[in-house]
Ligand code: BYC
């Protein structure tokens, strides 16, 4: 168990494999929709699953600042710049709430950061794609934040209290992010032919990677069954992907641009859209570290971390001075 950097209280997170009685009582609490809190007994595997998911989620928020940060200095107006700046700052904040939620499970932030910087930890595949034109900022808000909300609203009802509570605020902010992205694209789509073509180009490049955000098909998802039994996940990867396609296709129609999928069609019987096969090899390559920007994203994060060394040192020196003064 990771304990570095924790308070004594936090070190006492109650987790072990558990006796059959403990496991049954735990599942009963989950089935009764009780929230599990940090100091409650929990199976070790539940604790590990949450650490994995919440830390990957936190890393995604932090790395996710890069593709959009890339456009801060080139936003086309002061208003767009202020909106984008607020959004990027929100993502950093989400990372912080989520690292804090994960820390309640007995892992230190230092350990999580070290795992990200060494390349050991995963983060969302989507942030390994480049933002090559301004319309990409709209596409990220509309599609990436849109997919994120679809996945994250149910996480507000996750069985683990600290994660569920962190997600409430994250979702409110993601909702603003989604709208700003859509409004940006709507402005481009109502502009010149060249601007509309930029929006179409962005949709062409971001559509399939956005569908991949929901993870592998249910038949390939190794964690889903257990995570759903524990009510960490409330819907399967495929269910959420389908909901996303159903709402997003109609939003694309309103924009007047087309989803780049020749197999996409509305099934009148079910009311759902059927869609083409996702390129799962591309997904596997990206999460294995071989996407278009994996190397660049990690190097930039490593550099930011080492450039920030002096800030951490200064904060530490200040805290020690305050503590010494309080003790005197
Ligand atoms: N990318 O058994 P499965 C944001 C991995 S940030 C990379 O289905 P699970 C935003 C998965 O981790 C959005 N890896 O797993 C920020 C597992 O590998 P490990 C981030 C992926 O956990 C800035 C393996 O594949 N959101 O919104 O049951 C700007 C098998 O998958 C991906 C979250 O993190 C992927 N796309 O389900 C804008 C939400 N998909 O760990 C926006 C919280 C799967 O065994 N996370 N993998 O090595 C979740 O809801 C779930 O973890 C997932 C995957 C649905 C993503």
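No value in this document is a laboratory result; all are computed from the given coordinates. Every value quoted in this text rests on a predicted model; they were computed, and no experiment measured them. Virtual Cβ from ideal backbone geometry, glycine too; neighbours counted across all protein chains shown.
Would you check which residues across region 105-116 are touching a residue at least 60 places away in the same chain (Cβ under 8 Å) and either part of a helix (DSSP H, G or I) or surrounded by fewer than 22 Cβ atoms within 10 Å (Cβ to Cβ) (or both) and list them? Explain how you work it out, then say what you get.
First, pick out the residues of region 105-116 that are touching a residue at least 60 places away in the same chain (Cβ under 8 Å): 105-111, 113, 115-116.
Answer for region 105-116, where residues must be touching a residue at least 60 places away in the same chain (Cβ under 8 Å) and either part of a helix (DSSP H, G or I) or surrounded by fewer than 22 Cβ atoms within 10 Å (Cβ to Cβ) (or both): 106, 108, 109, 110, 111, 113, 115, 116.
Kindly evaluate residue 79 against the criterion of being over 23 Å from residue 166 (Cα atoms), within 11 Å of the ligand (Cβ to nearest atom) and surrounded by fewer than 21 Cβ atoms within 10 Å (Cβ to Cβ).
Details: over 23 Å from residue 166 (Cα atoms): yes; within 11 Å of the ligand (Cβ to nearest atom): no; surrounded by fewer than 21 Cβ atoms within 10 Å (Cβ to Cβ): yes.
When the stated conditions are applied, residue 79 does not pass them.
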Whichever residue in region 117-127 is surrounded by fewer than 24 Cβ atoms within 10 Å (Cβ to Cβ) and part of a helix (DSSP H, G or I) and, among such residues, is farthest from the ligand (Cβ to nearest atom): 117
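Out of 327, 304, 229, which single residue is without any contact (Cβ under 8 Å) to a residue 40 or more places away in the chain and either touching a helix residue (DSSP H, G or I) at 6+ places or on another chain (Cβ under 6 Å) or more than 22 Å from residue 68 (Cβ to Cβ) (or both)?
Numbers: 304 fails: either touching a helix residue (DSSP H, G or I) at 6+ places or on another chain (Cβ under 6 Å) or more than 22 Å from residue 68 (Cβ to Cβ) (or both); 229 fails: without any contact (Cβ under 8 Å) to a residue 40 or more places away in the chain.
Answer to the selection: 327.
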The lone exception for residue 145 - which of (1) more than 13 Å from the ligand (Cβ to nearest atom); (2) without any contact (Cβ under 8 Å) to a residue 40 or more places away in the chain it fails: (1)
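I'd like to verify a number: residues in region 128-170 that are assigned to a helix (DSSP H, G or I) and more than 21 Å from residue 37 (Cβ to Cβ), how many? Talk me through it step by step, then tell me what you get.
So the first thing to find is which residues in region 128-170 are assigned to a helix (DSSP H, G or I), and the list is 128, 135-152, 154-157, 161-170.
The next check asks that each one be more than 21 Å from residue 37 (Cβ to Cβ); those that pass are 128, 135-151.
Residues flagged as assigned to a helix (DSSP H, G or I) and more than 21 Å from residue 37 (Cβ to Cβ) within region 128-170 amount to 18.
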Where residue 263 falls short, out of the listed (1) crowded, with 17+ Cβ neighbours inside 10 Å; (2) more than 30 Å from residue 46 (Cα to Cα): (1)
Meets criteria (over 17 Å from residue 53 (Cβ atoms), within 12 Å of the ligand (Cβ to nearest atom) and touching a residue at least 40 places away in the same chain (Cβ under 8 Å)) for residue 211: yes
Selection within region 43-68 - without any contact (Cβ under 8 Å) to a residue 60 or more places away in the chain, crowded, with 17+ Cβ neighbours inside 10 Å and more than 10 Å from the ligand (Cβ to nearest atom): 43, 47, 51
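Residues of region 271-289 being within 13 Å of the ligand (Cβ to nearest atom) and within 18 Å of residue 218 (Cβ to Cβ), which ones?
Passing the criteria: 278, 280, 283, 284, 287.
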